Amino acid sequence: MSSLSLSHVLLLSPSVCLSNIGDGNPRESSPFINNTDDDKGTLYDGKNMALFEEEMDSNPMVSSLLNKLANYTNLTQGVREHEEADEDEGAKKKTVKSPQMGTFIGVYLPCLQNILGVILFLRMTWIVGTAGILESFIIVSMCCSCTMLTAISMSAIATNGVVPAGGSYYMISRSLGPEFGGAVGLCFYLGTTFAGAMYILGTIEILLTYIVPSAAIFKAEEKAQEADALLNNMRVYGTCCLTLMALVVFVGVKYVNKLALVFLACVVLSILAIYAGVIKTIFEPPVFPVCLLGNRTLQNHDFDKCMKTEIIDNVTVTTKLWSLFCEGPELNASCNEYFSLNNVTEIQGIPGLTSGVISENMWGSYGPAGMLVEKAVPSVPASVASQDKYMPYVANDITTFFTLLVGIYFPSVTGIMAGSNRSGDLRDAQRSIPIGTILAIATTTIIYLSCVVVFGACIEGVVLRDKFGDSVKGNLVIGTLSWPSPWVIVIGSFFSCCGAGLQSLTGAPRLLQAIARDGIVPFLQVRTHQIFEVFHLIFIFYFSLAFFFVSLLFSVIRALSFLGMSLCLALMFISSWYYALVAMLIAGCIYKYIEYRGAEKEWGDGIRGLSLNAARYALIRLEEAPPHTKNWRPQLLVLLSLDSELSVKHPRLLSFTTQLKAGKGLTIVGSVLEGTYLTRESDAKRAEQVTIKSAMAAEKTKGFCHVVVSSNLRDGFSHLIQSAGLGGMKHNSVLMAWPANWKQSNDPQSWRNFIETIRETTAAHQALLVAKNVDSFPHQERLAEGTIDVWWIVHDGGLLMLLPFLLQQHKVWRKCKMRIFTVAQLDDNSIQMKKDLQMFLYHLRLNAEVEVVEMLHVCSLSQCTPKLYLMAQLIHDRNTASHAALNDNSDATPERVHMTWTKEKFCTERTRNREPNASVAVRDLFNMKPNQSNVRCMHTAVKLNEVVVNKSQGAHLVLLNMPGPPKSRGGDENYMEFLEVLTEGLNRVLLVRGGGREVITIYS
């Protein structure tokens, strides 16, 4: 058949097409895969793809995928509904306009408006005068570098995929997860709220200090009351301003957006006026005289002439300045000592760019509150300075130091998120956010750095340190430098602060609404509509942290993001260490709250990627060398058995695991299902995801679970012992339950699998813990006072002493005391053994009682009691002709012998042997010579059991050395009998077999 005709047959015969090609695994929820919409029929609309017809429900055609991508909107859930008409339920919906804003209008200008604001106009000159040009340059460079590095990190995240509406909060929450997103988002909300308060206070300060000082309600009668009066005025006017702004926001956000361009124009015009004034000072400096008394700067409010006396009509008369320092206008009036000793001089407040004043302003002038603003000129000091604070001098209102200035300046550079917050309105957010934000930061950095230089080069130092312009008749200091009039700066800064305050009042509720819409904070409902620098630093710190986690694979950008994160952290504590701690505490509390109550979102955050990377690094490091004895802890592989209904047979084994591990270290819970993986794959997943994990959650067991499907249980457990774990994170101990009722079972494979597991753990050099009577082990109830008895027969590396110590750390076993018993032979010095053991425990810092038990030597055949002799003989030859002689029919199956001998069982056997038909058998039985090894082993088990039961029958838990299985598999059942006799009469027993290495050490 030709290839063409074959293809026709395949197309016409769907019965021979491939089916069920998919693996059937549940896929990640997405708008493109596993679509459940009603348009599913449109995914397959042709006759030429029958080969893939069965997969159309789960895997759409590429054309359908591309069509959905093309129609994909970047509006977050709820935004579309918010923009629809809601007058009538059946009304037509408004068409949602596609975003049209570009880089310049949408990102660059909003960032520019938010970065250039109140700090530049009100505090920049004071920062330059106080810190000096050099330190101010450092402050500006450090803060701008912080925001630039953050912008680089933000840009890398923004260009990593589509950025829906939500901006910076969206990027952080999707990069670091809902916990970090909610915590940082709420801190950013608080920071934005405090920013609004700062802008409102700046507006009121400009209004009352520079525009209409007479509007002040509270006036200070004395100089000491000026600060309180200003604070009270700000409270009253600030409340009124906040109410007015809230009304504007309530009327509509669109009006705020329309005014944004007006406010931005005011900012731009004000900055241009500053640079124009700087250029003008080269040719014609403005006239703003400053009056000095000696070297002290005077407040130029209550006098017009900077002189003590003047000559009018050839008569020397005193000026208003005289009356401020003297008791009267008379020339012979008593005056202030410093006023009398020093002359009054007048200097220009704005000497100009070419005056050389830059050298005087190069260094800082820090000082305490109340320190007078002085110029570096000679003066005659007064003997008494107690009255200076009542004189009209210009003085510091607060104590100044470098870190304070960093905290005051930093809010001026925190408006870098204004563009990213408008991501939903941008035509191309991936391109506009990086370019616009970085250009805005670069522009404002140049403006701030140039302002530092020109302020220090054009303005007199005493004027720069005059925060409120008292020395220049109450003018705004930066306004004295501007051209054509100081009012350009005053009006511009006023509207700039108003606009920034309105933007904060509109931006903060939007941010809170975005957090509420995500549903990650339970106490925030979807109907929600309505110390700053530290909260913004935390936000920027986490933004750098977000990209640092995301970009760990790229060394250069990783270094930049790590540098930005470190710089933010440093600036937080430089600004205010106690506010930084409070803000971090708030963020931590919100994080834990969201983690505990509300974080149900899964956004594929970078924390998981970081965890995977850290886990890989740790696993590689762990594999470099085996753990030291000091670091050894039991890393458990718990072998669980499931019944036919996939229920856990011994859930108390998980309880004991929890009590032993206390959530620390590695715990792997494994189980085996018989069959093939293809037929029992669903059972394996159900057993793992539902049964075992539910049992682990109920027993509070922290760890991993793994179910293996194997052709038989022995191979399955062998695979788990060999391959469980990864790299250096592997188990070193195996915990399993004793096979109960193994003698009554018709299937000997159960106890044979148990012995093979013992052999395999020994071969793998792993410790083995076997819990006998595990169903009687405590659950969560605390045990009363009692003992944990350790029977240390042979040295196993110290595991027998380590396990009780670990159990005592848990509340269930906390009241139990440890007792250690050891066995001495006849030729041992039991007294010296006890002293040595006590010293050994002292070095190990273990609190335990010590007792040495003496045992007789092992008997020979001639010394054995008939009971012991009979037990050993029956063990040796249970299925031989001596058993067959008990029955007339030699073909009959030999009756199973009860191998765990008690007094009742022995009497039953003896009565049975007295029957007439059994006389020959009994005589032959006692004439046989049993195996010497069986006799010795049984004698040891019986005698040791007697001692253990005598000493430890009332103990809450007994730990025993577990002897190794016989080398020959022919003695496996004998070995089970020995263990059964050894532990008979004890309630809770833990058989322990070491892994062949030391697990404790006396060295620190």
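The values are calculated or read from the model by the stated rules, or taken from the named source; none is laboratory data. The structure displayed is predicted, hence computed values, not measured ones. Here the Cβ is made from the backbone with ideal geometry for all residues, glycine too, and neighbour counts use every protein chain on show. Calculation scope for accessible area: heavy atoms of the full protein, side chains included, ligands and nucleic acids excluded. Shrake-Rupley method; radii C 1.70, N 1.55, O 1.52, S 1.80 Å.
Quick notes
- Test for A614: is it out of contact with any strand residue (DSSP E or B) (no Cβ under 7 Å at 6 or more places or on another chain), assigned to a helix (DSSP H, G or I) and over 30 Å from L806 (Cα atoms): no
- Looking at N773, N829, just one residue is exposed (fewer than 12 other Cβ atoms within 10 Å of the Cβ), at pLDDT below 90 and out of contact with any Asp or Glu (no Cβ under 6 Å at 6 or more places or on another chain), and that residue is N829.
- The listed residue being at pLDDT below 85 and surrounded by fewer than 18 Cβ atoms within 10 Å (Cβ to Cβ), out of G663, G598, G675, G606: G663
- Subset of region 333-351 [among the acidic types (D, E) and either part of a helix (DSSP H, G or I) or surrounded by 19 or more Cβ atoms within 10 Å (Cβ to Cβ) (or both)]: E337
- Some residue of region 713-722 being touching a strand residue (DSSP E or B) at 6+ places or on another chain (Cβ under 7 Å), farther than 24 Å from V989 by Cβ, open to solvent by 10 Å² or more (accessible area, probe 1.4 Å) and aromatic (F, W, Y): no
- Considering only residues in region 723-750 that are at pLDDT 85 or above and touching a Pro at 6+ places or on another chain (Cβ under 8 Å), the one that is nearest to L960 (Cα to Cα) turns out to be S733.
- 1 or more residues under 54 Å from the mean Cα position of the chain (by Cα) and either at pLDDT 85 or above or within 25 Å of R752 (Cα to Cα) (or both): qualifying helices (runs of 4 or more DSSP H) within region 891-1004: 932-952, 972-982
- For region 693-711, taking the residues that are of a type in the set (A, V, I, L, M, F, W, C) and within 30 Å of the chain's Cα centre (by Cα), the one that is surrounded by the fewest Cβ atoms within 10 Å (Cβ to Cβ) is identified as A697.
A quick yes/no check of all residues on (1) over 24 Å from L231 (Cβ atoms); (2) touching a helix residue (DSSP H, G or I) at 6+ places or on another chain (Cβ under 7 Å); (3) not aliphatic (A, V, I, L, M):
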| position | (1), (2), (3) |
| --- | --- |
| F121 | no, yes, yes |
| W126 | no, yes, yes |
| L134 | yes, no, no |
| I157 | yes, yes, no |
| Y169 | yes, yes, yes |
| S175 | yes, yes, yes |
| G182 | yes, yes, yes |
| A197 | no, no, no |
| L201 | no, yes, no |
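- Any hit, region 797-808, residues being touching an Asp or Glu at 6+ places or on another chain (Cβ under 8 Å), crowded, with 19+ Cβ neighbours inside 10 Å and not in a strand (DSSP E or B): yes
Yes or no, residue by residue, for (1) in a loop (DSSP other than H, G, I, E, B); (2) within 24 Å of D397 (Cβ to Cβ); (3) in contact with a helix residue (DSSP H, G or I) (Cβ under 6 Å, 6 or more places away or on another chain); (4) open to solvent by 60 Å² or more (accessible area, probe 1.4 Å):
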{"site": "N300", "(1), (2), (3), (4)": "yes, yes, yes, no"}
{"site": "M307", "(1), (2), (3), (4)": "yes, no, no, yes"}
{"site": "I311", "(1), (2), (3), (4)": "no, no, no, yes"}
{"site": "L321", "(1), (2), (3), (4)": "no, yes, no, no"}
{"site": "G328", "(1), (2), (3), (4)": "yes, no, no, no"}
{"site": "L331", "(1), (2), (3), (4)": "yes, no, no, yes"}
{"site": "L353", "(1), (2), (3), (4)": "yes, no, yes, yes"}
{"site": "G367", "(1), (2), (3), (4)": "yes, yes, no, no"}
{"site": "A376", "(1), (2), (3), (4)": "yes, yes, no, yes"}
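- Test: N295 is open to solvent by less than 40 Å² (accessible area, probe 1.4 Å) and either of a type in the set (A, V, I, L, M) or closer than 20 Å to V394 by Cα (or both): yes
- Check on S136, closer than 27 Å to Y448 by Cα and open to solvent by 10 Å² or more (accessible area, probe 1.4 Å): no
- Leading residue by the ranking (nearest to I211 (Cα to Cα)) among those in region 475-507 that are open to solvent by 20 Å² or more (accessible area, probe 1.4 Å) and among the aliphatic types (A, V, I, L, M): I491
- When the criteria are applied in full, T281 fails the requirement of being buried (at least 18 other Cβ atoms within 10 Å of the Cβ), more than 30 Å from F401 (Cα to Cα), of a type in the set (V, I, T) and in contact with a strand residue (DSSP E or B) (Cβ under 7 Å, 6 or more places away or on another chain).
- Residues of region 779-796 classified as assigned to a loop (DSSP other than H, G, I, E, B) and under 30 Å from R997 (Cβ atoms), total: 4
- Within region 678-692, the set of residues being surrounded by 14 or more Cβ atoms within 10 Å (Cβ to Cβ) and of a type in the set (G, A, S) comprises A684, A687.
- Only residues that are touching a Phe, Trp or Tyr at 6+ places or on another chain (Cβ under 7 Å) and farther than 23 Å from V268 by Cα were counted in region 425-466, giving 1.
- Candidates A824, A763, filtered to the one that is among the aliphatic types (A, V, I, L, M) and farther than 22 Å from Y842 by Cβ: A763
- All conditions in (1) modelled with pLDDT of 85 or more; (2) touching a Lys or Arg at 6+ places or on another chain (Cβ under 9 Å) hold for V212, with the sole exception of (2).
- Subset of region 378-406 [more than 30 Å from Y579 (Cβ to Cβ) and in a loop (DSSP other than H, G, I, E, B)]: P378, S379, V380, P381, A382, S383, V384, A385, S386, Q387, M391, P392
- Test: residue in region 215-237 that is touching a Ser or Thr at 6+ places or on another chain (Cβ under 8 Å) and open to solvent by less than 40 Å² (accessible area, probe 1.4 Å): no
- For region 723-736, taking the residues that are among the aliphatic types (A, V, I, L, M) and more than 31 Å from the chain's Cα centre (by Cα), the one that is surrounded by the most Cβ atoms within 10 Å (Cβ to Cβ) is identified as V734.
- Leading residue by the ranking (modelled with the lowest pLDDT) among those in region 420-474 that are open to solvent by less than 10 Å² (accessible area, probe 1.4 Å) and outside any helix (DSSP H, G or I): L426
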